[in-house]
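Visitor: Structure provided below as structure tokens; questions to follow.
The values are calculated or read from the model by the stated rules, or taken from the named source; none is laboratory data. Just so you know, these numbers come straight off a predicted model, no measurement behind them. Every residue, glycine among them, receives a Cβ derived from its backbone with ideal geometry; neighbour counts consider all protein chains shown. Side chains included, ligands, DNA and RNA excluded: accessible areas come from the protein's heavy atoms. Shrake-Rupley method; radii C 1.70, N 1.55, O 1.52, S 1.80 Å.
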Amino acid sequence: MNYQRFFEEAIDQLHAEKRYRVFANLERIVGRFPRAIWRDGGDQREITVWCSNDYLGMGQHPDVIAAMQQAAGNMGSGAGGTRNISGNNHPLVELEAELADLHGKETALVFTSGFISNEAAISTIARLLPNCLILSDELNHASMIEGVRRSGAEKKIFRHNDLAHLESLLAAVAPERAKLIVFESVYSMDGDVSPIAAIADLAEKYNAMTYIDEVHAVGMYGPRGGGITDREGQAHRMDVVEGTLAKAFGTLGGYIAGTRAVIDAVRSYAPGFIFTTALPPAIAAAATASIRHLKNSQMERDAQQRQARRAKEVLSAAGLPVMPSETHIVPVLVGDPELCKKASDRLLDRHGIYIQPINYPTVPRGTERLRVTPTPFHTDELIDGLKDALLETWEALGIPFAQKTREERASSERIVPLVVSKSGG
């Protein structure tokens with residue numbers, strides 16, 4: 001049997017569907033974010049990154065870098081093993097205390113990634129609940145879907161953010177049956193927000209547990225950066241809050257926060273935690289420094305929201321098909337996988353702008369897009385340059401523009417520039 005043929009055919013299928021992914025060879029430049037060095041073969045040049053999940057630029061913050069360097073200098077580069085054997089360390093203990101405080105929970109548990117935290121926590125919680133029914137939003141992240149699948153529990157999928165559909169599913173279940181509602185606060189591809197308070201109301205009415213994924217919101221929203229639940233005063237109504245250290249906090253890892261009983265049960269039963277080497281102390285220390293800074297600084301959040309708002313205004317006014325978004329996510333619709341890849345390639349080759357194409361299965365077919373994520377360090381000048389580059393690319397490739405009304409075309413000339421320093425101040 002020619003085993004290699006099966007793998008080659010699988011890759012050929014991706015090429016045929018125009019959704020084969022190529023990763024750019026990038027090297028970020030500390031102190032000059034969002035600038036990076038792009039290496040292509042033997043050539044290299046500086047480009048601007050417009051699709052980073054380091055939403056606030058905390059990956060280059062001096063306090064975060066200093067904490068990482070000091071911990072590595074004192075304790076070395078690795079954790080030394082799993083938490084159950086020899087990998088527990090003081091920076092991890094401090095980090096979990098900081099995360100519990102961030103969300104107003106009794107305790108927290110850190111994993112090596114946000115994917116693992118969702119997969120391990122959801123599957124373990126649902127397995128430990130007798131005859132559990134999981135109710136999952138249809139647009140939940142792949143890590144949540146995998147956690148649901150691995151649990152072996154019965155599942156019901158409710159239409160995205162559809163409270164009536166969710167209630168109809170809950171009402172059809174025996175009141176005494178265990179129920180777990182899993183959903184996100186910010187959905188990262190469309191940038192919309194879930195009705196958290198209303199879902200909490202339904203959970204209380206039908207005696208269900210709640211599990212919320214805040215990975216695209218922690219650090220970004222709320223007076224201390226606790227996410228949308230922090231902003232809306234709903235964290236205390238969530239049984240489990242899941243988040244990441246790899247986006248707004250600028251480091252690596254995932255976590256859950258909740259009551260001691262729930263978190264201890266996951267710690268004690270989840271294979272994804274038990275059998276995985278612990279997060280290195282240097283990364284834990286850096287994450288703690290980032291969380292502490294953002295608990296006390298609103299500057300980064302304000303500047304980021306300001307620049308995201310301006311990017312939406314400028315791109316929309318130019319006639320580009322900016323998809324509706326309530327948050328810092330700025331999706332620009334292409335609607336075709338081949339054109340999406342060509343647009344990404346042209347932006348990088350011709351304009352020195354890096355935006356990775358978002359194709360199926362990350363988003364539904366026909367909704368392929370470029371996902372733009374402005375940060376406090378994307379100045380007005382960079383936003384204007386992005387607009388010009390996108391216009392040239394759309395014209396050159398024949399990508400459809402948005403349909404603009406006469407009033408919208410007239411208002412496009414009246415956008416007032418916002419001044420933002422390169423430091424984000």
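Visitor: For the chain, count all C-alpha to C-alpha pairs, find those more than 33 Å apart, and express that count as a whole percent of the total.
Guide: In whole percent, the share of Cα-Cα pairs in the chain beyond 33 Å is 38.
Visitor: Would you mind calculating the relative contact order of the chain from Cα pairs under 8 angstrom and at least 6 residues apart, reporting the percent as a whole number?
Guide: This gives 20 percent for the chain.
Visitor: Related question: Need one number: nm distance between label points at Ala10 and Glu154, each 7 Å from Cα along Cα→Cβ, rounded to one decimal.
Guide: 3.3 nm
Visitor: Just the number please: accessible area per residue for the chain, 1.4 Å probe, all protein chains included, in Å².
Guide: Here the residues of the chain average 44 Å² of exposed surface.
Visitor: How fast does the stretch 77-148 diffuse by Stokes-Einstein, in µm²/s, taking the Kirkwood radius from C-alpha pairs at 10 °C and 1.306 mPa s?
Guide: For these conditions, the coefficient is 113 µm²/s.
Visitor: Work out how much length Arg28 to Glu106 would gain on full extension: take 0.36 nm times their residue separation and subtract the Cα-Cα distance, in nm to one decimal.
Guide: Gain on extension, Arg28 to Glu106, equals 24.4 nm.
Visitor: Can you list the GluC sites (Glu not before Pro) in the stretch 158-218 that are in a DSSP coil and have 15 or fewer other beta carbons within 10 angstrom?
Guide: Glu176
Visitor: Between helix 142-151 and the chain, what is the angle of the helix's C-alpha long axis to the longest principal axis, kept within 0 to 90° and rounded to the nearest 10?
Guide: 20 degrees
Visitor: Roughly speaking, what is the stretch gain from Glu381 to Arg127, that is 0.36 nm per residue apart minus the C-alpha to C-alpha distance, in nm to one decimal?
Guide: Additional length available on full extension: 86.2 nm.
Visitor: Scan the stretch 10-57 for GluC sites (Glu not before Pro) in coil per DSSP, keeping those whose Cβ has at most 16 other Cβ atoms within 10 Å, and list them by number.
Guide: The qualifying sites are Glu17.
Visitor: While we're here: How much solvent-accessible surface does Trp394 expose, in Å² to the nearest 10, with a 1.4 Å probe and all protein chains in place?
Guide: 0 Å²
Visitor: Longest segment of the chain with no trypsin sites (Lys or Arg not before Pro) in a DSSP loop having at most 11 other Cβ atoms within 10 Å?
Guide: Looking at the chain, 22-413 is the longest stretch - no exposed trypsin sites (Lys or Arg not before Pro) with at most 11 other Cβ atoms within 10 Å.
Visitor: If you don't mind, another one. Report, to the nearest whole %, how much of the accessible area of the stretch 216-328 belongs to carbon and sulfur atoms, 1.4 Å probe, protein only.
Guide: 54 percent
Visitor: Right, here's the next one. Past 19 Å, Cα to Cα: identify those pairs from Lys105/Lys179; Lys105/Lys295; Lys156/Lys247; Lys155/Lys247, in the order given.
Guide: In this structure, Lys105/Lys179; Lys156/Lys247; Lys155/Lys247 exceed 19 Å between Cα atoms.
Visitor: With a 1.4 Å probe and every protein chain kept in, tell me what percent of the accessible surface of the stretch 22-114 is carbon plus sulfur.
Guide: Roughly 49 percent, rounded to a whole number.
Visitor: Is the C-alpha gyration tensor of the stretch 126-280 telling us rounded, prolate or oblate? Criteria: a/c under 1.5 is rounded; beyond that, a/b larger than b/c is prolate, otherwise oblate.
Guide: Oblate.
Visitor: For n ≥ 4 DSSP H runs only, could you compute -39500 (n - 2.57) per run for the chain, divide by its residues and tell me the 222 nm figure to the nearest 500?
Guide: Helix contribution divided over all residues of the chain: -13000 deg cm²/dmol.
Visitor: How big is the dipole moment of the stretch 25-156 about its Cα centre under a simple scheme where the beta carbon of each Lys and Arg is +1, that of each Asp and Glu is -1, and everything else is neutral? Debye, nearest 20, please.
Guide: Dipole about the Cα centre, nearest 20: 300 debye.
Visitor: Still on this model: Which one, Thr82, Thr124, Thr393, projects farthest toward the positive side of the charge dipole computed for the chain from Cβ point charges (K/R +1, D/E -1)?
Guide: The Cα lying farthest towards the positive end belongs to Thr82.
Visitor: Right, another one. Which one of Glu146, Glu326, Glu368 has the biggest mean-square fluctuation once the chain is modelled by GNM with Cα springs under 10 Å?
Guide: Glu326
Visitor: Report, in whole Å, the centroid distance computed from the Cα atoms of the stretch 300-322 and the stretch 35-112.
Guide: 28 Å
Visitor: State the Cα centre-to-centre distance between the stretch 127-193 and the stretch 267-299 in whole Å.
Guide: Taking the Cα centre of each part, the stretch 127-193 and the stretch 267-299 sit 26 Å apart.
Visitor: Would you please classify the overall shape of the stretch 108-170 from the alpha carbon gyration tensor, given that a ≥ b ≥ c denote the square roots of the eigenvalues, rounded means a/c under 1.5, and beyond that prolate means a/b larger than b/c while oblate covers the rest?
Guide: Because a/c hits 1.5 or more and a/b fails to exceed b/c, the stretch 108-170 counts as oblate.
Visitor: Also, quick follow-up: Which lysines, on any chain, are close to Lys387 with Cα under 24 Å apart, when same-chain ones fewer than 8 places away are left out?
Guide: Cα-Cα hits under 24 Å: Lys312, Lys341, Lys342, Lys404, Lys422.
Visitor: Hey, another quick one. From largest to smallest, what semi-axes in whole angstrom does the stretch 8-73 give when each is the square root of 5 times an eigenvalue of its alpha carbon gyration tensor?
Guide: Listed largest to smallest, the semi-axes of the stretch 8-73 are 32, 15, 13 Å.
Visitor: By how many nm would the segment from Gln298 to Leu397 grow when fully extended, if each residue of separation counts as 0.36 nm and the alpha-carbon distance is taken off?
Guide: 31.6 nm
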